[in-house]
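Just below is one structure, and these are the notes that go with it.
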Amino acid sequence: MRRADVDLLDSRRAYWVPSVVAPCRDWTAVPGCTRGARFLVDRHTMRANRSDFAAFASKPACMRWVMRHRLELNAALPEARVDVVRLDRWLLGLD
């Protein structure tokens, strides 16, 4: 999903996304970022991204996806913990 398409989602439902926080300044996964920068995870590249991301209809579905791809995520996002958060809260900066 593209961030520009968020308005097309049903606002009555909660959507879940995998997210990461940069563990350090100039993190190897996102060179040039600051410590604590928030990113979503792109479903296709397994990389930290702010414009392309995977959105799931339920928290268990998102968690299953994270667990199924944990090896690729650990390789692409070194030293970072992948969390499952609600998309609306992430967009508001609450998660």
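The values are calculated or read from the model by the stated rules, or taken from the named source; none is laboratory data. As the structure is a prediction and not an experimental result, all values here were calculated from the model. Neighbour counts run over all protein chains shown; Cβ positions are idealised from the backbone, glycine included.
Quick notes on this structure:
- Residue check, Asp95 outside any loop (DSSP other than H, G, I, E, B) and either surrounded by 15 or more Cβ atoms within 10 Å (Cβ to Cβ) or not aliphatic (A, V, I, L, M) (or both): no
- Any hit, region 27-49, residues being within 22 Å of Ser11 (Cα to Cα), in contact with a Lys or Arg (Cβ under 9 Å, 6 or more places away or on another chain) and β-branched (Val, Ile, Thr): yes
- Hits in region 83-92 (condition: in a helix (DSSP H, G or I) and in contact with an Asp or Glu (Cβ under 8 Å, 6 or more places away or on another chain)): Arg89
- Of the residues making up region 62-82, those that are surrounded by 16 or more Cβ atoms within 10 Å (Cβ to Cβ), out of contact with any Pro (no Cβ under 6 Å at 6 or more places or on another chain) and outside any helix (DSSP H, G or I) are His69, Leu77.
- Scanning region 49-61 for residues that are closer than 19 Å to Arg35 by Cβ and either in contact (Cβ under 8 Å) with a residue 24 or more places away in the chain or assigned to a loop (DSSP other than H, G, I, E, B) (or both) returns a single hit, Arg50.
- Of residues in region 81-95 being over 17 Å from Ala22 (Cβ atoms) and at pLDDT 90 or above, the one farthest from the chain's Cα centre (by Cα): Arg86
Quick grid of which residues meet (1) among the small types (Gly, Ala, Ser); (2) over 18 Å from Asp95 (Cβ atoms); (3) within 14 Å of the chain's Cα centre (by Cα); (4) modelled with pLDDT of 95 or more:
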| site | (1), (2), (3), (4) |
| --- | --- |
| Arg2 | no, yes, yes, no |
| Arg12 | no, yes, no, no |
| Val17 | no, no, yes, no |
| Gly32 | yes, yes, no, no |
| Phe56 | no, no, yes, no |
| Trp65 | no, no, yes, yes |
| Glu79 | no, yes, no, no |
